[in-house]
Amino acid sequence: MRAHSPALALALTLAAASIAGTAPAQTSAPATAPAPAPAPPPQAVVIASLKTADGADAGTVTGYEGPKGMIFRVAGKGWPAGWHAVHLHAVGSCEAPGFTSAGGHVNHAEGARPHGLLNKNGGPDLGDLQNVFAAADGAANADVYLAWEGLDAHESDYVDANGLSFVVHANADDYVSQPIGGAGARIACGVFEPVVVTAH
């Protein structure tokens with residue numbers, strides 16, 4: 001008896017199933033999960049107006065609070081071209097010329113940590129942020145992020161009795177060396193104030 005080819009055998013099987021009214025069941029497509037609800041737009045909660053040592057306008061920094069951290073939107077002007085360290089300082093005071101009244105970096109409540117976003121020996125502290133680049137025309141536009149790790153921080157922490165300052169340094173931060181990553185002099189500073197939301 002001659003053997004049928006595999007293709008012919010499959011065709012005969014499907015034909016027999018159709019005649020018997022037992023055609024193979026079709027697999028239905030999986031149900032599509034409903035789309036998540038859209039998130040509300042970000043709301044600015046604090047803002048700092050930056051000034052240089054001689055009082056010139058150096059731009060603004062606007063803070064947006066998220067569920068696990070804060071984004072600081074930097075809109076700098078008149079900065080020297082190149083990379084600059086930017087840090088959060090623990091006192092809301094920016095007295096020229098050296099801005100030393102801003103104090104040191106914000107640090108963890110459970111114990112001070114060493115400086116440096118890339119410091120594997122216990123860093124970073126809570127004042128450490130990413131470097132910001134200024135173009136040849138002095139414009140510096142960037143979003144820098146601070147995570148809340150180790151600190152239950154919210155808007156009130158930025159406008160409490162001591163306040164907080166945003167400091168721009170002359171040089172880039174190397175993210176490792178102590179005490180401030182070789183960031184150099186403080187060339188601009190601004191104190192955070194709450195953003196007033198007007199009702200429509």
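Numbers at a glance
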item	result
Residue selected from segment 50-79 under the condition touching a strand residue (DSSP E or B) at 6+ places or on another chain (Cβ under 9 Å) and open to solvent by 70 Å² or more (accessible area, probe 1.4 Å), by the criterion farthest from residue 172 (Cα to Cα)	68
Candidate set from segment 35-49 (those that are of a type in the set (A, V, I, L, M) and in contact with a Ser or Thr (Cβ under 6 Å, 6 or more places away or on another chain)); member that is farthest from residue 168 (Cα to Cα)	44
Hits in segment 80-92 (condition: in contact (Cβ under 8 Å) with a residue 60 or more places away in the chain, in a loop (DSSP other than H, G, I, E, B) and surrounded by fewer than 24 Cβ atoms within 10 Å (Cβ to Cβ))	80, 90, 91, 92
Those residues of segment 147-179 which are out of contact with any helix residue (DSSP H, G or I) (no Cβ under 6 Å at 6 or more places or on another chain), open to solvent by less than 60 Å² (accessible area, probe 1.4 Å) and at pLDDT 95 or above, in sequence order	166, 168, 169, 170, 172, 173, 175, 177
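Conditions tested, residue by residue: (1) under 22 Å from residue 76 (Cβ atoms); (2) buried (at least 17 other Cβ atoms within 10 Å of the Cβ).
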position: 99; (1), (2): yes, yes
position: 104; (1), (2): no, no
position: 121; (1), (2): no, no
position: 127; (1), (2): yes, yes
position: 141; (1), (2): yes, no
position: 145; (1), (2): yes, no
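The values are calculated or read from the model by the stated rules, or taken from the named source; none is laboratory data. Computed from a prediction, not measured in an experiment: that's the story for all the values here. Cβ coordinates were reconstructed from backbone atoms using ideal geometry, including for glycine residues, and neighbour counts include every protein chain displayed. Quick note on the areas: whole protein, heavy atoms, side chains included, nothing else; ligands and nucleic acids left out. Shrake-Rupley method; radii C 1.70, N 1.55, O 1.52, S 1.80 Å.
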